[in-house]
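Notes for the one structure printed next.
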Amino acid sequence: MTFAYDFSLQHLLGIEGLNRLDIEYLLDRANEFVENRTPEQSLKGKTLINLFFENSTRTQSSFDISAKRLGADVVNMSVQSSSVKKGETLVDTAMTLNAMQPDLLVIRHGSSGAVRLLSRKVDCAVVNAGDGTHEHPTQALLDALTIRRRKGRIEGLKVAICGDILHSRVARSNAMLLHLMGAEVRLVAPPTLMPSGTETWGAHSTHTNMIEGISGCDVVMMLRLQLERMHGLYLPSKREFFHLYGLDKEKLSHAAPDALIMHPGPMNRGVEIDSAITESANSTITEQVSMGVFVRMAVLDALARNLDRARAEASA
Ligand code: CP
């Protein structure tokens, strides 16, 4: 059973703002959902709206499945056929949806900070499903759950996050969470794809040499090259990138022998990762997707409880 802990947040906007106990609570709760195939219908009578302004396979469908498993009604807003296409502003869209009194709003948007802005305009609980290059908190939580289940701990592990750090919301959320949980976080990228200020994320070190960066690591987390966010020339070619920064058998041999191979997906096979190693026993890529459902159940369950409490207090 999850330890008694008062997870009190109204929204999940990022890993920034969470403390170690918040994270442990959510991971323990998610682990309970992994073990329990018939969970309590804690979202029965509640409505969740998925509002995705950017493409998604894993995140949107797993929020849909997670919410339904807990008994919620789910509306998947199609932004492509919505009034956004007629020029309605982001804030007007959010306030229109808010007027229908949903309980939970899950938002993905291409602009950093957009989800926080919307959370101030609505009465329901808001979950950040990825905002620009800022944060993707549920991805970091599901990655942490995967690591903890495979390795039995996070504290003391050496984790290398490799690839397009500059355009990645996954890198920032993961670095912050893993640092909070006591891991040593190394960032590996070409100089053009390494942002400044990563020490504020809790990164222990940065490396432009991949062999040096992943040497002795317990976890090697690869990131997608986010070509759609690149306005300019960051790389000589994808082939050159793979040669220097793509994870293949030879580079992996410098990590710990039992190192986990992680990727949040979607993957560019043969660009940031060699297809052959995605299928190996130490690859957790499919498991990460499975853990996403349980982590999102834990997040929705916790936020719905806090929403009920806030509503009860407001009407008392
Ligand atoms: N990892 C991740 O966010 O995947 P999707 O873009 O498919 O949701």
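Considering only segment 88-105, I want to know if a residue exists there that is within 16 Å of the ligand (Cβ to nearest atom), under 22 Å from the mean Cα position of the chain (by Cα) and closer than 10 Å to residue 49 by Cβ. No - not one qualifying residue is present in segment 88-105. Being in contact with a Lys or Arg (Cβ under 8 Å, 6 or more places away or on another chain) and either surrounded by fewer than 15 Cβ atoms within 10 Å (Cβ to Cβ) or of a type outside the set (Gly, Ala, Ser) (or both) is the filter here, so list the residues in segment 150-168 that pass it. Those that are in contact with a Lys or Arg (Cβ under 8 Å, 6 or more places away or on another chain) and either surrounded by fewer than 15 Cβ atoms within 10 Å (Cβ to Cβ) or of a type outside the set (Gly, Ala, Ser) (or both): 154, 157, 158, 159, 161, 164, 167.
Listed here are the residues, each with its yes/no results for (1) under 16 Å from the mean Cα position of the chain (by Cα); (2) more than 13 Å from the ligand (Cβ to nearest atom); (3) of a type in the set (D, E, K, R).
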residue: 128; (1), (2), (3): yes, no, no
residue: 143; (1), (2), (3): yes, no, yes
residue: 148; (1), (2), (3): yes, yes, yes
residue: 152; (1), (2), (3): no, yes, no
residue: 160; (1), (2), (3): no, yes, no
residue: 163; (1), (2), (3): no, yes, no
residue: 169; (1), (2), (3): yes, no, yes
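Beta carbons closer than 6 Å, at least 6 apart along the sequence or on distinct chains, pair a first residue in segment 18-37 that is part of a helix (DSSP H, G or I) with a second that is open to solvent by 40 Å² or more (accessible area, probe 1.4 Å) and at pLDDT 95 or above for 20/180.
The set of residues from segment 243-274 being out of contact with any strand residue (DSSP E or B) (no Cβ under 7 Å at 6 or more places or on another chain), of a type in the set (Asp, Glu) and open to solvent by less than 40 Å² (accessible area, probe 1.4 Å) comprises just one member, 248.
If the condition is being away from the ligand (no atom under 16 Å from the Cβ) and under 21 Å from the mean Cα position of the chain (by Cα), then segment 49-73 contributes 49, 68, 69, 70. So, in segment 208-226, of the ones that are more than 19 Å from the chain's Cα centre (by Cα) and open to solvent by less than 20 Å² (accessible area, probe 1.4 Å), which residue ends up nearest to residue 154 (Cα to Cα)? Filtering first and then ranking leaves 217.
The values are calculated or read from the model by the stated rules, or taken from the named source; none is laboratory data. The shown structure was predicted, so the numbers you read here are calculated from the model rather than taken from an experiment. No Cβ is skipped: glycine too gets one built from the backbone with ideal geometry, and neighbour counts run over all protein chains shown. Accessible surface is based on the protein model in full, side chains and every heavy atom, while ligands, DNA and RNA are left aside. Shrake-Rupley method; radii C 1.70, N 1.55, O 1.52, S 1.80 Å.
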